[in-house]
Structures are given as structure tokens and as C-alpha cells.
1. Compute the projected area of the convex hull of the Cα atoms of the stretch 4-125, averaged over all viewing directions, and report it in nm² to one decimal place.
2. What is the helix-to-structure angle for 9-27, meaning the angle in degrees between its Cα long axis and the longest Cα principal axis of the chain, kept from 0 to 90 and rounded to the nearest 10?
3. Give, in nm to one decimal, the length gained when the segment between Val107 and Ile43 is fully stretched (0.36 nm per residue of separation minus the Cα-Cα distance).
4. Given only helices, namely DSSP H runs of n ≥ 4 each adding -39500 (n - 2.57), what is the per-residue ellipticity at 222 nm of the chain, to the nearest 500 deg cm²/dmol?
Amino acid sequence: MSLHPQAVHFPIALLLVSSILTLWNERSPHHELAITARWCLKIGWWSSLLAVMTGILAVALAFEQIRQQLTWINSHAVVSLSLVAVYWRLVLGKPLPAAAQKRRHLVGIGLIVLAGWLGGQLSERI
């Protein structure tokens, strides 16, 4: 049995919470809110690497059985890796203009939703 389905929920929740708190903090700034968002971002990003690794391992171990779903698997992988890349710039902590940071969080939320939908489609097909 693959650990991937269990590993994905932690980064999904933490990255979503981080983005929502960051966007909320732009409207009414609170130091504690910013700290919480930052920790959710860091832990969520590192746990997303674990989710990606368990997904790669799951595909490698069951490749012959899931070969017919390769288009869905590749789509899910590309979106998930894009998600990791989008949040990586935020994890670095280098200052971004407010508009760029807001766009990055909104794109991140969209990628989380898309990756989740693709993962759900995969779990139904496999």
C-alpha cells in the first residue's frame, strides 16, 4: 500500500492555511498571524516534498499496473511540482512586492485545488 494518499493531506492543509492567513494578514496585519502563516508555509512546503517523494515511489512500485493512467499521473506530477516551485519562492523569505506575493498565493491555492482534483481522478481510476 502506498503512503502517498496519507502524506498529501498535511501539505494541502498547511499550504492552504498559510496562503489564507497571509492574504488575510494583508487586510488587517497582526504579527502573530504572520508568524503562524510563515510556520504553516515552511512545514507545509517540506511536507509537500515528502508527498511528492511518496507519489514518485508509488508510481515506480506499481508502474506496470498503472501504465494506462500515465497521462493522469503525468498531469498530477507536473501540477504538483509546479505547486512546490511556486511556494519555494515564498519559503525563501526574500521580500516580494505585495502584489507579487498575493498573486503567488492565489496561484498556489489554484494549484492545490487542481492537484487535489487530479489526485482524486487518479484514485478513482486506479
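1. 7.2
2. Once rounded, one gets 20 degrees.
3. 21.1 nm
4. About -29000 deg cm²/dmol.
Readers should treat all values here as calculations from the given coordinates under stated rules, not as data from a laboratory. From a predicted model like this one, the values you see are computed outputs, not experimental measurements.
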